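Novice: A single structure is presented below for examination.
The values are calculated or read from the model by the stated rules, or taken from the named source; none is laboratory data. Predicted model, so just to flag it, every value in this text is computed and none were measured. Cβ coordinates were reconstructed from backbone atoms using ideal geometry, including for glycine residues, and neighbour counts include every protein chain displayed. SASA here: full protein model, heavy atoms, side chains in, ligands and nucleic acids out. Shrake-Rupley method; radii C 1.70, N 1.55, O 1.52, S 1.80 Å.
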Amino acid sequence: MKKFISTRMASYIILAINTMALLMHVLILLNILPYDFVWGGRLKRQEDVILFEMVSILIQMIFISIVAVKAGYILKGRFKRTSNIGIWGIFGVMILNSIGNLASHSFLETVVMTPVTILLALLVFRLAIEK
């Protein structure tokens, strides 16, 4: 895996995808994008959308922070053990998210987001195996 993609490139791609996902969740929260294709197409009330999108935004910010620390973009040389644990946690979440996307009621989430989360899982795995 280390021969196929560098740590730097993997972290750039992860940060770009997660930043776009963060923006998407903000746009959904602001009612600019429809919410029927997120959370498995199961959200029915605006109150649920607000709660679940706030959770999504928080999770995206945590993921971005962990990846940025692991890649050495912020807090360089600090929290190495914590970022390693966080990266493995993100890997687990991406695997579970891929499985969840396959079970989604939303065709768009299944067709688009499943490959994206699989790609993210592979890229996060690349970061996780880096010392």
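Novice: Sorted by mean Cβ packing within 10 Å, highest first, what order do the peptides 8-15, 64-71 take?
Specialist: Taking the mean over residues of other Cβ atoms within 10 Å, the ranking is 64-71, 8-15.
Novice: Would you mind getting me the FRET efficiency between Leu96 and Ile32? Use the beta-carbon distance for r and R0 = 35 Å, nearest 0.05.
Specialist: Once the sixth-power term is evaluated, E becomes 0.80.
Novice: Another one. Please report the carbon-and-sulfur percent of the accessible area for region 41-119; probe 1.4 Å, protein heavy atoms only, DNA, RNA and ligands left out.
Specialist: Solvent-exposed carbon and sulfur of region 41-119 make up 73 percent of the total.
Novice: How much FRET efficiency would the formula 1/(1 + (r/R0)^6) give for Ser6 and Val111, where r is the Cβ-Cβ distance and R0 is 22 Å, rounded to 0.05?
Specialist: 0.15
Novice: Let me ask something else about it. Mind checking the per residue accessible area of region 43-131 for me, 1.4 Å probe, whole number of Å²?
Specialist: Per residue, region 43-131 has an accessible area of 60 Å².
Novice: Under 5 Å between amide hydrogens, which residues at least 5 positions from Leu75 or on another chain qualify, with H placed 1.01 Å from N in the peptide plane?
Specialist: none
Novice: Within the chain, how many lysine pairs that are 8 or more places apart, or on different chains, have C-alpha atoms less than 13 Å apart?
Specialist: 4
Novice: What's the extension gain from Ala16 to Phe79 if we count 0.36 nm per residue and subtract their Cα-Cα distance? Working shown, then result.
Specialist: Details: separation 63, 0.36 × 63 = 22.68 nm, distance 2.23 nm.
Extra length from Ala16 to Phe79 when fully extended: 20.4 nm.
Novice: Once you have the alpha carbon radius of gyration of region 75-131, what is it after dividing by 2.2 N^0.38 Å, with N set to its residue count?
Specialist: Its radius of gyration relative to the 2.2 N^0.38 Å reference: 1.32.
Novice: Ok, one more. Cβ neighbours within 10 Å, averaged per peptide: list 114-126, 80-92 in order, most packed at the top. Don't skip to the answer; put the middle values down first.
Specialist: On the way: 114-126: 19.2, 80-92: 16.5.
Ranking the peptides 114-126, 80-92 by packing returns 114-126, 80-92.
Novice: So what are the ³J(HN,Hα) numbers for region 25-36, from phi and the Karplus equation (6.51, -1.76, 1.60; θ = phi - 60°), rounded to whole Hz, Gly and Pro as x?
Specialist: Once rounded to whole Hz, the list reads 5, 5, 5, 5, 4, 8, 6, 8, 10, x, 9, 6.
Novice: Taking N as the number of residues in region 7-103, what is its Cα Rg relative to 2.2 N^0.38 Å?
Specialist: Details: Rg = 14.7 Å, N = 97, 2.2 N^0.38 = 12.5 Å.
Normalised by 2.2 N^0.38 Å, the Cα Rg of region 7-103 equals 1.18.
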